[in-house]
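Worksheet for the structure shown next.
The values are calculated or read from the model by the stated rules, or taken from the named source; none is laboratory data. Predicted model, so just to flag it, every value in this text is computed and none were measured. Every residue, glycine as well, gets a Cβ built from its backbone with ideal geometry; the counts of neighbours run over all protein chains shown.
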Amino acid sequence: MEKDVLILAIESSCDETAAAVVKNGREVLSNVIFSQIDLHTVYGGVVPEIASRKHIDKINQVIEEALQKAEVTLEQLSAIAVTYGPGLVGALLVGVSAAKAIAFATGLPLIGVHHIEGHISANYIANPTLKPPFVCLVVSGGHTHLVSVKDYGEYEILGRTRDDAAGEAFDKVARAIGLGYPGGPKIDKISKEGNAQAIHFPRAKVGDGEYDFSFSGLKSAVLNYLNGCQMKGEEINTADVAASFQQAVIDVLVGHSMDAIEKYNLDKFAIAGGVASNVSLRNAFEEACAKKGVEFFLPPPVLCTDNAAMIGAAAYYEYIKGVRHGYDLNAVPNLKLGERL
Ligand code: KG4
Ligand code: ZN
């Protein structure tokens with residue numbers, strides 16, 4: 001029998017310092033996440049400089065904890081994996097430097113991973129039977145991609161946002177209605193007390209790109225609505241605004257995804273990324289997929305938001321394909337999905 005593949009994975013592309021040990025791409029032995037959210041909340045968003053500094057502060061501790069929790073020593077590892085893009089360059093550099101140092105010191109292979117590929121691969125951990133091909137909707141703070149996963153590591157982007165990412169829209173609207181940062185989880189929570197049909201916000205159609213998204217118009221519509229209320233001296237029902245906004249986002253995401261499933265005649269669909277932890281969105285997709293007879297996959301919330309276990313899962317399939325990076329691996333803030341540098 002082949003030896004188990006144990007990968008130590010590191011993720012530091014935004015405001016989570018994370019490390020994990022993953023066995024054979026599917027089994028999480030440890031998944032340590034240090035979230036910096038509290039540090040950035042006072043500024044209403046992630047401050048890149050502060051993120052980089054905190055990553056430096058925490059990275060060694062998080063890596064050590066991941067090894068300890070997994071009860072794995074460096075000698076037992078098969079490879080070191082790290083997110084090298086896309087993300088904040090100063091933040092990425094911390095993880096990349098740590099991974100390179102460990103790889104150099106131990107002689108272990110180094111594997112650079114695309115952050116979005118990591119998000120998609122969170123589904124392999126959560127669903128041991130899931131294999132490509134399938135379609136995955138990746139909805140995070142920086143990305144909104146409808147991706148056809150043709151094989152492990154092989155992607156075709158069917159649609160993407162033309163402006164704001166879905167998570168970005170959640171964060172901006174949350175700020176406008178006074179909920180603070182990060183907005184997604186707060187809108188998710190308060191929406192449960194609101195009426196999603198109370199206000200009709202637009203569901204944007206993007207002319208030529210059949211599966212492309214646009215959320216900036218929706219965000220403006222919410223801001224206009226708030227201004228209008230203020231001018232008329234009308235009280236704003238925050239829960240209704242949140243629920244109605246959230247419903248508009250969900251309708252567009254579900255609508256485009258179902259159209260793609262139909263056109264490409266697919267039978268498997270997955271979601272990933274921070275916004276995929278949204279309860280109403282998860283329910284809406286569950287229902288829509290059941291109606292269409294499509295098998296629906298979704299990671300648990302802790303594997304939707306940034307973590308290193310998903311990077312370890314993605315790295316496994318690169319590892320068995322023989323992908324290796326040199327010590328010249330660098331952070332690539334705008335790395336494209338499917339691109340290998
Ligand atoms: O995947 P992620 O942790 O980081 C990026 O790669 O961007 O996603 C973070 C985004 C933020 O915009 C956050 O507001 C949003 O995901 N988010 C949510 C929820 N939890 C996090 N959006 C809606 N509902 C949630 N429950
Ligand atoms: Zn992410």
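Residue-by-condition table, conditions (1) more than 20 Å from residue 167 (Cβ to Cβ); (2) in a helix (DSSP H, G or I); (3) modelled with pLDDT of 95 or more:
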| site | (1), (2), (3) |
| --- | --- |
| 291 | yes, yes, yes |
| 299 | no, no, yes |
| 306 | no, no, yes |
| 311 | no, yes, yes |
| 330 | yes, no, yes |
| 333 | no, no, yes |
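This table checks each residue for (1) without any contact (Cβ under 8 Å) to a residue 12 or more places away in the chain; (2) buried (at least 20 other Cβ atoms within 10 Å of the Cβ).
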| position | (1), (2) |
| --- | --- |
| 213 | no, yes |
| 243 | no, yes |
| 252 | no, yes |
| 268 | no, yes |
| 275 | no, yes |
| 280 | no, no |
| 290 | yes, no |
| 310 | no, yes |
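Here residue 53 passes the criteria (1) in contact with a strand residue (DSSP E or B) (Cβ under 7 Å, 6 or more places away or on another chain); (2) under 30 Å from residue 179 (Cα atoms); (3) among the basic types (Lys, Arg) except the one numbered (1). Residues in the stretch 79-108 that are under 28 Å from residue 270 (Cβ atoms) and surrounded by fewer than 19 Cβ atoms within 10 Å (Cβ to Cβ): none. Within the stretch 165-178, the only residue that satisfies the criterion of being surrounded by fewer than 21 Cβ atoms within 10 Å (Cβ to Cβ) and not in a helix (DSSP H, G or I) is 178. Can you confirm whether residue 131 is closer than 28 Å to residue 279 by Cβ and more than 16 Å from the chain's Cα centre (by Cα)? Taking the combined requirement at face value, the residue satisfies it.
Do we have any residue at all in the stretch 126-144 that's more than 16 Å from ligand 1 (Cβ to nearest atom) and among the hydroxyl-bearing types (Ser, Thr, Tyr)?
Taking the stretch 126-144 as the starting set, the residues that turn out to be more than 16 Å from ligand 1 (Cβ to nearest atom) are 127-135.
Filter again for among the hydroxyl-bearing types (Ser, Thr, Tyr), leaving 129.
Yes, the stretch 126-144 has at least one match.
Consider the stretch 189-205 and keep the residues that are more than 16 Å from residue 279 (Cβ to Cβ) and either assigned to a helix (DSSP H, G or I) or within 23 Å of the chain's Cα centre (by Cα) (or both). The one that is modelled with the lowest pLDDT is 204. Of all residues in the stretch 313-341, those that are within 17 Å of residue 95 (Cβ to Cβ) and either surrounded by fewer than 20 Cβ atoms within 10 Å (Cβ to Cβ) or among the β-branched types (Val, Ile, Thr) (or both) total 9. Tell me which of these residue 254 doesn't satisfy, since it passes every other one: (1) among the hydrophobic types (A, V, I, L, M, F, W, C); (2) more than 15 Å from ligand 1 (Cβ to nearest atom); (3) over 30 Å from residue 38 (Cα atoms). Going through the list (1) among the hydrophobic types (A, V, I, L, M, F, W, C); (2) more than 15 Å from ligand 1 (Cβ to nearest atom); (3) over 30 Å from residue 38 (Cα atoms), residue 254 breaks only (2).
Is it true that residue 39 is more than 19 Å from the chain's Cα centre (by Cα) and within 16 Å of ligand 1 (Cβ to nearest atom)? Yes, satisfied. Selection of the stretch 1-43 for residues being closer than 28 Å to residue 107 by Cβ, assigned to a loop (DSSP other than H, G, I, E, B) and within 16 Å of ligand 2 (Cβ to nearest atom) yields 12, 13.
For the stretch 95-154, how many residues are among the basic types (Lys, Arg) and not in a loop (DSSP other than H, G, I, E, B)? Steps first, answer last, please.
Within the stretch 95-154, the subset among the basic types (Lys, Arg) is 100, 131, 150.
From what's left, not in a loop (DSSP other than H, G, I, E, B): 100, 150.
Number of matching residues: 2.
Please go through the stretch 1-26 and pick out each residue that is surrounded by 16 or more Cβ atoms within 10 Å (Cβ to Cβ) and farther than 20 Å from residue 323 by Cα. Those that are surrounded by 16 or more Cβ atoms within 10 Å (Cβ to Cβ) and farther than 20 Å from residue 323 by Cα: 12, 13, 14, 15, 16, 17, 18, 19.
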